[in-house]
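In what follows, a single structure is set out as structure tokens and then discussed.
A short reminder: the numbers here are calculations on the coordinates, not readings from a lab. No experiment lies behind these values; they were computed from the predicted model shown. Every residue, glycine among them, receives a Cβ derived from its backbone with ideal geometry; neighbour counts consider all protein chains shown.
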Amino acid sequence: MEDPRSIIAREPMHFRQILAIGIATALNALDGFDVLSISFAAPGIAKDWGIDRAALGLVLSMELFGMGIGALSLGTLADRLGRRPTILTCLVIMGLGMGLASIAQDVVSLSAFRLFTGLGIGGMLAATNAVVAECSNARRRNLSVAIMTGGYPIGAILGGMLASWLMGITGRWQTVFEIGAAITLAFIPVVFWLVPETIAFLLHKRPKGALEKINKSLKRQGRAVLDALPPREAQTSKASLVALFKPNMAIVTVLLTLAYFGHMMTFYFLVKWIPKIVADFGFAPSLAGSVLVWANVGGATGAFTMSLLTQKVGVRKLVVGAMLMGAVTVAIFGQGFHTLAALSVVACIGGFFTNGATAGLYAVIAQSFPASLRAGGTGFVIGIGRAGAALGPVLAGLLFTHGWLLPAVAIALASGTAVGALALTRVRYREHSVA
């Protein structure tokens, strides 16, 4: 009896597999809007509440702290209970968090609500990354993961355009969070009806009714059903943090975490601070938000370009090159550009390289861990790495408050992704199948 995972890895993808990947991409787009909603709202928050840059930097980072906790805890949960229930749980958390943020009355309550929202976003990213890797065949896996990652800036683009338009009409920054809550909760029935548990997870964990669920998915994909579950693998790793630091995995886990940490520090400095930096140059908040939209236009283009290039070039080489170019561009962003057009162009180029690198990083992460550790390993790398994401906006706020000018701050924060690129060159990359 041939293992269905081997068949799925070898044969062309069925519409049902493509649909699951498409929904995961849409969920990542939702993540993109939910994460950056605070950036679009930041100029209005600073104006209404009169908070300084250090306090604003902390508010901008709160959901990033939550994302780290969520990726660690809910990412491991996805390896134990399943990808599908984890995604549904994360949608509930995200929807509630966005709704509560819209009624926040002060910095403390808003920070708490953004932290809560981040729990769901972090778990969502770990679970959807595993879903895409396990629903793709071997030939298209890098492409599928990179496309999924490209959903992030698309969500920021579409959500940002909608948010900027509605904020211009209503004059309220709360509108951003109200939109996010409504869209997030609308995804719950979509996932419930259209995204089944992955066959790879069911074969590995073998919960009650696993054979029936597997055969239901196989029938929908037009494949032969199983008479019985195939024999278990002789050795399987437990979905635990300890397994990530066994001799054969420890160095991979550490270096990937360092690479992701450094890159996220740079990436989130760029996307979190763009609207406030542009507003400080004297532009209206809606125009400041448009520069962030252009950064995400570049980000979407970079992710899809990366997805195409991975079909021809080794993904790690592409990621290292994109990270180094991203570091250069982020440093350039702070060097004397004060017109809206110039800021938009540099932000777009910066988004192209930094998000292109992010897309490739997720492909490397997904294939560096076996199925038994995939969501947990992804969750660990993302969870610890999100400390870097949170550090970027906070560190920038502190540097601004202590008198650093934008050129120096941009160079300092650009160094994160440069260090991450060096760490990635030391990874002894081994591609795992989805089995």
- Query: So what is the calculated 222 nm ellipticity per residue for the chain, using -39500 (n - 2.57) for each DSSP H run with n of 4 or more, over all residues, to the nearest 500 deg cm²/dmol?
  - Reply: -27500 deg cm²/dmol
- So what's the gap between the Cα centers of segment 91-128 and segment 337-374, to the nearest angstrom? 23 Å
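When a/c reaches 1.5 or more, the comparison of a/b and b/c decides; with that in mind, is segment 130-215 rounded, prolate or oblate per its Cα gyration tensor? Don't skip to the answer; put the middle values down first.
On the way: a/c = 4.74, a/b = 2.04, b/c = 2.32.
Oblate, since a/c reaches 1.5 and b/c is not below a/b.
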- Positive end of the charge dipole of the chain (Lys, Arg +1 and Asp, Glu -1 on Cβ, about the Cα centre): tell me which of Gly392, Leu340, Gly123 has its Cα farthest that way. Gly123
- Message: Take Leu422 and Lys47, extend 7 Å from each Cα along the Cα→Cβ direction, and tell me the distance between the two endpoints in nm.
- Response: 4.3 nm
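Tally Lys and Arg at +1 and Asp and Glu at -1 over the other residues with C-beta under 9 Å from the C-beta of Ala42: what net charge comes out? Present the calculation step by step, with values, prior to reporting the outcome.
Details: positive: Lys272, Lys276; negative: none.
For residues surrounding Ala42, the net value is +2.
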- Kindly write out, for segment 104-111 in residue order, the coupling ³J(HN,Hα) from the Karplus curve 6.51 cos²θ - 1.76 cosθ + 1.60 (θ = phi - 60°), rounded to whole Hz, with x marking Gly and Pro. 4, 10, 7, 4, 5, 5, 4, 4
- Could you pull out the trypsin sites (Lys or Arg not before Pro) across segment 299-358 that fall in loop regions by DSSP (anything but H, G, I, E, B) with no more than 12 other Cβ atoms inside 10 Å? Lys312
- Message: Angle check, please: helix 250-280 long axis (alpha carbons) against the longest principal axis of the chain (alpha carbons), in degrees 0 to 90, nearest 10.
- Response: 30 degrees
- Item | Given charges at Cβ of Lys, Arg, Asp, Glu: the chain dipole, positive-most of Gly95, Val313, Leu27 | Val313
- Message: Only four residue types carry charge here, +1 at the Cβ of Lys and Arg and -1 at the Cβ of Asp and Glu. Report the dipole size of the chain about the Cα centre in Debye, rounded to the nearest 20.
- Response: 1300 debye
- Query: Assigning unit charges at the beta carbon (Lys, Arg +1; Asp, Glu -1) and nothing else, what dipole magnitude in debye, to the nearest 20, does segment 41-178 show about its Cα centre?
  - Reply: 500 debye
- What list of ³J(HN,Hα) values in whole Hz, one per residue of segment 334-345 in order, does the Karplus curve 6.51 cos²θ - 1.76 cosθ + 1.60 (θ = phi - 60°) give from phi, with Gly and Pro shown as x? x, 9, x, 8, 10, 8, 4, 5, 5, 4, 5, 5
- Note, segment 33-49: 3J(HN,Hα) by Karplus (6.51, -1.76, 1.60, θ = phi - 60°), whole Hz, Gly/Pro = x, goes 5, 4, 5, 8, 4, 5, 5, 5, 7, 4, x, x, 5, 4, 6, 5, 9
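Quick one: which of 293-303, 264-274 comes out on top by average Cβ neighbours within 10 Å, and what's the full order, highest first? Spell out each step's value before the answer.
On the way: 293-303: 26.4, 264-274: 28.9.
Ranking, from highest mean packing down: 264-274, 293-303.
Once you have a ≥ b ≥ c as the square roots of the Cα gyration tensor eigenvalues for segment 251-320, tell me rounded if a/c is under 1.5, and otherwise prolate or oblate according to whether a/b is larger than b/c.
Details: a/c = 5.00, a/b = 1.74, b/c = 2.87.
Taking the square roots of the gyration eigenvalues as a ≥ b ≥ c, segment 251-320 is oblate.
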- Hey, got a sec? Which trypsin sites (Lys or Arg not before Pro) in segment 326-433 land in a DSSP loop and have at most 14 other Cβ atoms within 10 Å? Arg426, Arg428, Arg430
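Return the ratio Rg/(2.2 N^0.38 Å) for segment 314-408, where Rg is computed over Cα atoms only. Before the final figure, lay out each step's value.
Values: Rg = 16.2 Å, N = 95, 2.2 N^0.38 = 12.4 Å.
Against the empirical 2.2 N^0.38 Å value, I get 1.31 for segment 314-408.
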- Task: Note the angle between two axes, namely the Cα long axis of helix 315-333 and the longest principal axis of the Cα atoms of the chain, as a number of degrees from 0 to 90, rounded to the nearest 10.
- Result: 10 degrees
- Once you charge only the Cβ atoms, +1 for Lys and Arg and -1 for Asp and Glu, what is the size of the charge dipole of segment 297-435 about its Cα centre, to the nearest 20 debye? 420 debye
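Take each of the peptides 403-412, 125-134, average the number of other beta-carbon atoms within 10 Å over its residues, and list them starting from the highest.
Details: 403-412: 15.5, 125-134: 30.2.
Final packing ranking: 125-134, 403-412.
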- Query: Once both axes come from the Cα atoms, what is the angle between helix 53-80 and the longest principal axis of the chain, in degrees from 0 to 90, rounded to 10?
  - Reply: 0 degrees
- In segment 167-275, which GluC sites (Glu not before Pro) are in a loop and have at most 14 other Cβ atoms within 10 Å, using DSSP for the loop call? Glu233
- Pair Ala284, Leu241: separation of 7 Å Cα→Cβ label points (nm): 4.9 nm
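At a 10 angstrom cut-off on C-beta neighbours, averaged per residue, how do the peptides 330-342, 136-148 rank from highest to lowest?
Numbers: 330-342: 15.8, 136-148: 22.9.
In descending order of packing, they fall as 136-148, 330-342.
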